[in-house]
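Here is the structure we will look at.
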Amino acid sequence: MAISTSLNRLPRRDWSPAAARHLLWRVGFGGSPAEVAAVWDAGLDRAVEGLLGSEDNIAGTGPDVDPDVIRPLSTDERRAARAARQSGDEDALREFRSRRIQSRREDRAMHIRLQSWWLQRMIQTPRPLEEKLALLWHGHFATRHRNVRDAYLMYQQNQMMRTYGAKSFADLARGVVRDPAMLKFLNNDRNNARKPNENMARELMELFTLGEGQYRERDIREGARSLTGYHVNDNDFSFRRRAHDGSSKTIFGQTGPFDGDDFVDIILARKRCARFVAFKLYRYFVLDIDEEEDRWPPASKRVIDQMGDRIFRDRYQLQPLLKDLFRSRHFYDSAVVGKKIKSPAELLAGTIRAMNTPHRDPRMLREAMRRMGQQLFDPPSVAGWDGGSSWINTATLFARQNLCLYLITGKGSRRGGSRHGDEDYDPMVLLGVGDRHPTSVANHLVDVYLGSHVPAARRVPLLDFMTRSGQTVTTDTLVSLLVLICAMPEYQLC
Amino acid sequence: MFHEGIAFTRREFLYSGMAMISTATSAPAFLARSGLAMADQNMAHGLDRPGSVPERVLVVVQLSGGNDGLNTVIPVGSPGYYRARPRIAIAEKEALLIDPNQGIALHPALADLHEMVSEGLASVVQGVGYPNPNRSHFASMDVWHTGDTRGGRGHGWIGKGLDQDRNIDRSLACVCIGSDAPLAAQGRHVKPVAFERAEAFRWAGRQRQPELVSVYDRICREGGDSDMDAVTRFVYRTALDAQVASDRVRKAVATGPVTRFAGGALSRQLQLVAAMIRAELPTRVYYVALGGFDTHAQQVSTHQRLLREFASAMKTFYRELEATGHRSRVVTLAFSEFGRRVAQNASAGTDHGAAGPVFLFGDVVRPGLQGEHPPLDQLVGGDLRFGLDFRCIYAELLDNWLQLDSTAALGRVFRKTRLLDLS
């Protein structure tokens, strides 16, 4: 059967538990059997509304952050430091140095708390799409703590992406050129009229809005001048008029005394930008397709074209498009379901959510993220994570399988975990009221955790294991079955 | 036809390591044969001549934290050195003279390195750095890892170099000892393997219940079927490759060394590497690291301990390679993300600086002191001026040793250093 290439709505008869499962994994971080059933029960429209717009937020779960973890010296302190340097007062200089070292240490500790906090949010939030989009934009407008070296700025940026992420790409792009973490990361705090720094202008067009080859070097030079004076004052954006080049610029054929905000609007007015955003959304939510357009499958290309048109027409409002996409026939096509490689965050949060695994050591979870190649707030570069098949290689595959083992059993970690790590885990609740025959249980859990599209032949090792394990399904057998399900290559996909 | 067309174009299919040559023996026919299984057979038939290019190995030793180059390769003939470092300078009579004409000596803890230099096995390259040096550990390490002074795009010089070789065995092309792989080793297509202990490079399910292993093996070694779409087949294929790679690595390191390795982090890592080289894994690059060089305070004893560990580990490593008949296959590069400032600080330590020495080891290096020591009377903002861009050394190693295209890996042409003698 030909694949659906339009954003036309999925026929009502095709809305199934399998489709509900697909929606939960792709738009959120998976769900338990009960959640899958509830989403199915709600029907497609209400399910999508729920993931997009549920009002209840996680109360009282803000991270422990200190806005002053890194702060500029006060005038008095600067004066004292200068005096100490001039008089060679070694004690005073040592004191300044140890204070600096101390604040760096506190900053790293805060960075670690922030990583755990975000992972917890992904695991617990009733509005998973919000976190999923924040993660998309974090990898898109990629900023690294290890360069910015101010965890509070990273937190501010994260909140900005959470606020605008599902609303408007235009607001996001406008926010990013005034975002202190980004301005620091791309050295725009050193972009002055007298000596323009092109870093921000280049990345803005190449990585954030248009893609390579969609602009000329001249547009970068002029764009960089428009961004001069976009600096940072402690935790805030600061427009330094004296550092700004107020003279005329010509960007994409338009001439005027543009500033950075104008520069962004000039970019947004290009249809190419909407299409670029469509591609990024498609690759994040639908299929792991290549960067290069001439390698896109024709079906994907047609869908991306429509998405781009839609985004442009909606003036970069994202909700209308996302609603259509998540209800489209294309999104539920058999060539899409179960064909995308889970990111480490999806694998981790998804396993915990879908299997209701008990609380595990946050240090271990962070370490697993590092081994799997996705450190939150520390993407490898401004280009973000490669994603797709690059998540999986011989080393990360073991890391992924062993993480799942640890989540379910508490075992398999270097720290050893507790000897009876799975005692606090009761997977029986996952079975509901269904048939408890061992092979029925195995088939049911394969449907839930690997997808009903997995053919019978590939289920055989699991079914044989259950048959050998006895007549009744014990907690112990069930834990082992879940461990094996997570070792199935299909578990890496969603 | 959608199933065939949508997920991967042919080119990507090849890149993803899914290009397969059929006629499998142990692997399921539809997965065909893994590159590893093929390499095994080649070796059994003696197809890889020792010393031929695919057998050449590069080992990279990262000295993390910013090694104090000036107290490592010491200008004992420069009074300026003693003036800048009254509390931490190494006395001329204690240092190991390496070049009387230039007045350059090695730190006394580097006796083993000194010995390797006189044996023609080690080269000390002076004044290595890059323009507009960055004094942040992370930022400067990124520069060294990516070979790009702007910090790159998430891929490193080794990974991008290995990407150039279409015939490479992707699953073990680069092995890093450590909990996660360094940026340097990340290619767009070739991804490194990283583990601290070989035992960690496997599925840990036996800890739950040993009987699960046979089911796991059935899934990951024999699983899958011919109806799989490209993405699913890719994961099954990687799962199989992972088992084979794990078997080979664990088997390799199970063989004890011929030479006695000392304790210490670097020795332990190099012992693993020597075992894997001896087992003739299809690995082209090994990556190890020794940390602790960030000597801001009371650096004398710390620095001495680290240098001793470094030199002794290198000597033992090459003794072991010699004893097992693999020495000619292995060139080693040792670097640090920056040197330290010329002047000592108020805490009898040194702060982050710029240029520093790099070390090369192996039969083919031009032994002894290479390049010129950065002059102490021509500092740039209190830092040593670099005389050789580190990327020239990378280019030499990529082009002439590994025979990988350095221009593609580094994004531009760097002049040749002639630090290797491959005539």
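The values are calculated or read from the model by the stated rules, or taken from the named source; none is laboratory data. Not measured: the values here are computed from a predicted model. Ideal geometry is used to build each Cβ from the backbone, glycine not excepted, and the neighbour counts take in all protein chains shown.
Tally up the residues in region A:383-405 that are over 14 Å from the mean Cα position of the chain (by Cα), of a type outside the set (S, T, Y) and more than 7 Å from chain B (Cβ to nearest Cβ), please.
Selection size over region A:383-405: 4.
Got a sec? Which helices (runs of 4 or more DSSP H) wholly within region A:251-314 have at least 3 residues that are within 26 Å of the chain's Cα centre (by Cα) and within 14 Å of another protein chain (Cβ to nearest Cβ)?
On the way: elements: A:260-268, A:271-285, A:298-313.
The helices (runs of 4 or more DSSP H) meeting that bar are A:298-313.
Yes or no: region A:393-413 includes at least one residue that is under 30 Å from B:A185 (Cα atoms), at pLDDT below 90 and not in a loop (DSSP other than H, G, I, E, B).
Restricting attention to region A:393-413, the residues satisfying the condition of being under 30 Å from B:A185 (Cα atoms) are A:393-407, A:411-413.
Remaining after also requiring at pLDDT below 90: A:395, A:411-413.
This time we only want the ones that are not in a loop (DSSP other than H, G, I, E, B), so: A:395.
Yes; the residues of region A:393-413 include at least one that is under 30 Å from B:A185 (Cα atoms), at pLDDT below 90 and not in a loop (DSSP other than H, G, I, E, B).
Determine if region B:108-120 includes at least one residue that is among the charged types (D, E, K, R), within 25 Å of the chain's Cα centre (by Cα), farther than 25 Å from B:L420 by Cβ and modelled with pLDDT of 95 or more.
No, there is no match, as no residue in region B:108-120 is among the charged types (D, E, K, R), within 25 Å of the chain's Cα centre (by Cα), farther than 25 Å from B:L420 by Cβ and modelled with pLDDT of 95 or more.
Touching a Leu at 6+ places or on another chain (Cβ under 6 Å), modelled with pLDDT of 90 or more and either surrounded by 15 or more Cβ atoms within 10 Å (Cβ to Cβ) or of a type outside the set (V, I, T) (or both) - does that describe any residue in region A:106-118? Quick ask: steps written out before the conclusion?
So in region A:106-118, the residues touching a Leu at 6+ places or on another chain (Cβ under 6 Å) come out as A:115, A:118.
Then keep just the ones that are modelled with pLDDT of 90 or more; that gives A:115, A:118.
Pick out the ones that are also either surrounded by 15 or more Cβ atoms within 10 Å (Cβ to Cβ) or of a type outside the set (V, I, T) (or both) and you get A:115, A:118.
Looking through region A:106-118, at least one residue is touching a Leu at 6+ places or on another chain (Cβ under 6 Å), modelled with pLDDT of 90 or more and either surrounded by 15 or more Cβ atoms within 10 Å (Cβ to Cβ) or of a type outside the set (V, I, T) (or both).
Taking region A:84-100 as the search range and keeping residues that are in a helix (DSSP H, G or I) and not charged (D, E, K, R), which one is farthest from the other protein chains (Cβ to nearest Cβ)?
Within region A:84-100, the match that is farthest from the other protein chains (Cβ to nearest Cβ) is A:Q86.
Against the conditions (1) more than 14 Å from B:A409 (Cα to Cα); (2) more than 7 Å from every other protein chain (Cβ to nearest Cβ), where does B:S179 fall short? Just the number, please.
With (1) more than 14 Å from B:A409 (Cα to Cα); (2) more than 7 Å from every other protein chain (Cβ to nearest Cβ) applied to B:S179, the lone miss is (2).
Looking at A:S103, A:S116, can you tell me which residue is part of a helix (DSSP H, G or I), of a type outside the set (A, V, I, L, M) and in contact with a helix residue (DSSP H, G or I) (Cβ under 6 Å, 6 or more places away or on another chain)?
Numbers: A:S103 fails: in contact with a helix residue (DSSP H, G or I) (Cβ under 6 Å, 6 or more places away or on another chain).
After applying the criteria, what remains is A:S116.
Would you say A:C494 is in contact with a Cys (Cβ under 9 Å, 6 or more places away or on another chain), more than 8 Å from chain B (Cβ to nearest Cβ) and of a type in the set (A, V, I, L, M, F, W, C)?
It is false that A:C494 is in contact with a Cys (Cβ under 9 Å, 6 or more places away or on another chain), more than 8 Å from chain B (Cβ to nearest Cβ) and of a type in the set (A, V, I, L, M, F, W, C).
Collect the residues in region B:372-387 that are at pLDDT 90 or above and either of a type in the set (G, A, S) or touching a strand residue (DSSP E or B) at 6+ places or on another chain (Cβ under 8 Å) (or both), keeping them in residue-number order.
Matches in region B:372-387: B:E372, B:H373, B:P374, B:L384, B:R385, B:F386, B:G387.
What number of residues within region A:315-339 are within 14 Å of chain B (Cβ to nearest Cβ), on the phi < 0 side of the Ramachandran plot, touching a strand residue (DSSP E or B) at 6+ places or on another chain (Cβ under 8 Å) and surrounded by 18 or more Cβ atoms within 10 Å (Cβ to Cβ)?
Qualifying residue count for the region: 1.
Only one of these is touching a residue at least 60 places away in the same chain (Cβ under 8 Å) and within 14 Å of another protein chain (Cβ to nearest Cβ): B:T350, B:T324, B:T332. Name it.
Only one candidate passes the filter, namely B:T350.
Looking at (1) under 15 Å from B:L113 (Cβ atoms); (2) free of Cβ contacts under 8 Å to residues at least 24 places away in the same chain, find the lone condition where B:Q378 falls short.
(1)
Could you grab me the full set of residues in region B:146-175 that are outside any loop (DSSP other than H, G, I, E, B) and either small (G, A, S) or more than 16 Å from A:R144 (Cα to Cα) (or both)?
B:W157, B:I158, B:G159, B:K160, B:G161, B:L162, B:D163, B:C174, B:V175
Is there any pair with a first residue in region B:229-249 that is more than 7 Å from chain A (Cβ to nearest Cβ) and within 20 Å of A:C494 (Cα to Cα) and a second that is buried (at least 23 other Cβ atoms within 10 Å of the Cβ) and of a type in the set (F, W, Y) whose Cβ atoms are under 9 Å apart and which are 6 or more apart or on different chains, and what are they?
Filtered contacts from region B:229-249: B:A230/B:F8.
Can you find a residue in region B:160-171 that is facing another protein chain (nearest Cβ under 8 Å), crowded, with 20+ Cβ neighbours inside 10 Å, within 18 Å of A:R400 (Cα to Cα) and in contact with a strand residue (DSSP E or B) (Cβ under 9 Å, 6 or more places away or on another chain)?
Yes: one or more hits.
Can you say whether A:N192 is in contact (Cβ under 8 Å) with a residue 40 or more places away in the chain and assigned to a loop (DSSP other than H, G, I, E, B), as far as the supplied structure shows?
Yes.
I want to confirm something. Restricting to region B:60-107 and keeping residues that are in contact (Cβ under 8 Å) with a residue 24 or more places away in the chain, of a type outside the set (A, V, I, L, M, F, W, C) and not in a loop (DSSP other than H, G, I, E, B), which single residue is farthest from B:Y394 (Cα to Cα)?
The qualifying residue farthest from B:Y394 (Cα to Cα) is B:G80.
I'd like the residue in region B:367-423 that is in a loop (DSSP other than H, G, I, E, B) and polar (S, T, N, Q) and, out of all such residues, is surrounded by the fewest Cβ atoms within 10 Å (Cβ to Cβ).
Out of the qualifying residues, it is B:S423.
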